[in-house]
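Have a look at the structure below, then the notes.
The values are calculated or read from the model by the stated rules, or taken from the named source; none is laboratory data. Computed from a prediction, not measured in an experiment: that's the story for all the values here. A quick note on method: Cβ atoms are made from the backbone with ideal geometry, for glycine too, and the neighbour counts reach across all protein chains shown.
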Amino acid sequence: MRFVKRVLVALMVMTLAACGGGGGGGGSAVGGADSGVPDRTAPSVALTAPAEGTVVHGVTLIKAAASDDVGIERVEFYLDGVLQGSATSAPYSFSWDPSGVAKGSYNWTAKAYDAAGNVQTSTEVAVTVPIYAAMSTVLSGSTAVGTVFLAGLPAAAPYGVNLVVTMPTGATLAGAAASGPYAASGMVGTSGSNAVILASSNLASGEILKLSFTNVPPGAVAGDFAVAVSAVFDGGGTQIQ
């Protein structure tokens with residue numbers, strides 16, 4: 001009888017030991033960050049803006065969508081393989097100013113990183129940078145002065161650029177004068193009612209011209225004035241844009 005009791009006690013002790021001592025489970029988590037299993041799942045990432053083939057005129061927002069089973073640490077933005085900027089939280093975006101690059105086609109990619117160091121690169125998106133113009137306008141009563149900037153000019157600079165000017169109804173384009181590094185060059189060929197022709201053998205990106213306006217109507221704002229490139233010519237007179 002005593003032998004039977006001892007056997008029963010021994011069985012009870014073994015049962016309690018197998019159950020973790022009766023004080024709750026002692027097992028480890030299965031999967032996840034605490035499982036001890038390395039995270040080798042790469043994030044997903046795609047560029048959402050600009051669209052493939054976009055022609056860029058001025059500052060452009062480069063946007064990406066990214067996701068991961070654990071979380072995104074950062075998204076980096078690359079132009080032709082060169083890092084331009086990054087974002088650490090959604091929405092993932094970067095403002096790109098193309099005024100410092102020459103006309104041509106460029107490829108954007110995005111790289112997404114997770115906390116474990118896994119990385120994924122998006123499909124390329126190609127954009128085109130033309131030779132383009134922008135204008136900053138200051139109004140004073142019935143007059144205004146616009147400072148014109150050119151961007152996208154290649155290393156082999158063009159000889160002539162034709163500009164079309166937009167202004168409020170009733171306003172008059174009163175004059176055009178070279179400015180910035182061209183102030184003493186006399187490069188302005190002619191200016192008409194809404195057009196300006198520039199001619200110089202050494203055009204470069206940057207400030208190029210000042211336009212003066214008269215008869216500016218009441219209520220006009222700076223956004224009512226604009227300038228756009230209508231044609232570009234090389235040194236031989238051939239139109240290249």
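Scan segment 140-152 for residues that are touching a strand residue (DSSP E or B) at 6+ places or on another chain (Cβ under 8 Å) and surrounded by fewer than 20 Cβ atoms within 10 Å (Cβ to Cβ) and jot them down.
Of all residues in segment 140-152, those touching a strand residue (DSSP E or B) at 6+ places or on another chain (Cβ under 8 Å) come to 142-152.
Within segment 140-152, Ser142, Thr143, Val145, Thr147, Phe149 meet the criteria.
Residue-wise test of (1) free of Cβ contacts under 8 Å to residues at least 12 places away in the same chain; (2) in the same structural domain as Met187 (by TED's automatic domain parsing); (3) closer than 30 Å to Val221 by Cα.
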position: Val119; (1), (2), (3): no, no, no
position: Thr123; (1), (2), (3): no, no, no
position: Val138; (1), (2), (3): no, yes, yes
position: Ser142; (1), (2), (3): no, yes, yes
position: Gly146; (1), (2), (3): no, yes, yes
position: Gly152; (1), (2), (3): no, yes, yes
position: Tyr159; (1), (2), (3): no, yes, no
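Those residues that are of a type in the set (A, V, I, L, M) and either part of a loop (DSSP other than H, G, I, E, B) or loosely packed, with under 14 Cβ neighbours inside 10 Å (or both), I need them from segment 32-48; list them, please. Talk me through it step by step, then tell me what you get.
Looking only at segment 32-48, we keep the residues that are of a type in the set (A, V, I, L, M), and these are 33, 37, 42, 45-47.
Listed by number, the residues that qualify are Ala33, Val37, Ala42.
Six or more apart or on different chains, Cβ under 8 Å: which pairs go from a residue in segment 56-69 that's over 18 Å from Pro130 (Cβ atoms) to one that's in a strand (DSSP E or B) and among the acidic types (Asp, Glu)? Could you list them?
Here the result reads Asp68/Asp114, each pair linking segment 56-69 to a residue that is in a strand (DSSP E or B) and among the acidic types (Asp, Glu).
Given the conditions (1) in a strand (DSSP E or B); (2) surrounded by fewer than 14 Cβ atoms within 10 Å (Cβ to Cβ); (3) of a type in the set (D, E, K, R), which single one is not true for Asp69?
Condition (1) is where Asp69 drops out.
Of the conditions (1) surrounded by fewer than 14 Cβ atoms within 10 Å (Cβ to Cβ); (2) at pLDDT 95 or above, Ala155 clears all except one; give me its number.
(2)
Please work out which residue is nearest to Gly53 (Cα to Cα), limiting yourself to segment 87-110 and to residues that are exposed (fewer than 15 other Cβ atoms within 10 Å of the Cβ) and small (Gly, Ala, Ser). Talk me through it step by step, then tell me what you get.
If we filter segment 87-110 for residues that are exposed (fewer than 15 other Cβ atoms within 10 Å of the Cβ), which is where we start, we get 88-91, 95, 97, 100, 104-105, 107.
Next cut, small (Gly, Ala, Ser) only: 89-90, 95, 100, 104-105.
On the way: Ser89: 27, Ala90: 25, Ser95: 18, Gly100: 19, Gly104: 12, Ser105: 9 Å.
Among those that are exposed (fewer than 15 other Cβ atoms within 10 Å of the Cβ) and small (Gly, Ala, Ser), it is Ser105.
Looking at Ala174, is it aliphatic (A, V, I, L, M), over 17 Å from Phe233 (Cβ atoms), in contact with a Ser or Thr (Cβ under 6 Å, 6 or more places away or on another chain) and free of Cβ contacts under 8 Å to residues at least 60 places away in the same chain? So that I can check it myself, show each step before the final result.
Numbers: aliphatic (A, V, I, L, M): yes; over 17 Å from Phe233 (Cβ atoms): yes; in contact with a Ser or Thr (Cβ under 6 Å, 6 or more places away or on another chain): yes; free of Cβ contacts under 8 Å to residues at least 60 places away in the same chain: yes.
The answer is yes for Ala174.
For segment 199-218, check the following and say yes or no: at least one residue is farther than 29 Å from Thr60 by Cβ, at pLDDT below 90, among the aliphatic types (A, V, I, L, M) and not assigned by TED's automatic domain parsing to the domain that holds Ser99.
Of segment 199-218, the ones farther than 29 Å from Thr60 by Cβ are 199, 201, 212, 214-218.
If we keep only those that are at pLDDT below 90 as well, we get 199, 201.
This time we only want the ones that are among the aliphatic types (A, V, I, L, M), so: 199.
Now narrow it down to the ones that are not assigned by TED's automatic domain parsing to the domain that holds Ser99: 199.
The answer is yes, given that some residue of segment 199-218 is farther than 29 Å from Thr60 by Cβ, at pLDDT below 90, among the aliphatic types (A, V, I, L, M) and not assigned by TED's automatic domain parsing to the domain that holds Ser99.
Check off (1) surrounded by fewer than 17 Cβ atoms within 10 Å (Cβ to Cβ); (2) more than 17 Å from Leu47 (Cα to Cα); (3) of a type in the set (A, V, I, L, M) for Ala126 and give me the number that stays unchecked.
Evaluating Ala126 over (1) surrounded by fewer than 17 Cβ atoms within 10 Å (Cβ to Cβ); (2) more than 17 Å from Leu47 (Cα to Cα); (3) of a type in the set (A, V, I, L, M) leaves (2) as the failure.
Counting only residues that are of a type outside the set (A, V, I, L, M), give me the strands (runs of 3 or more DSSP E) lying completely in segment 127-241 with at least 3 of them.
Numbers: elements: 132-140, 143-151, 160-166, 172-178, 188-191, 195-199, 206-214, 226-233.
Strands (runs of 3 or more DSSP E) meeting the threshold: 132-140, 143-151, 160-166, 188-191, 206-214.
Identify, by number, the condition in (1) more than 13 Å from the chain's Cα centre (by Cα); (2) surrounded by 14 or more Cβ atoms within 10 Å (Cβ to Cβ); (3) at pLDDT 95 or above that Val75 doesn't meet.
(1)
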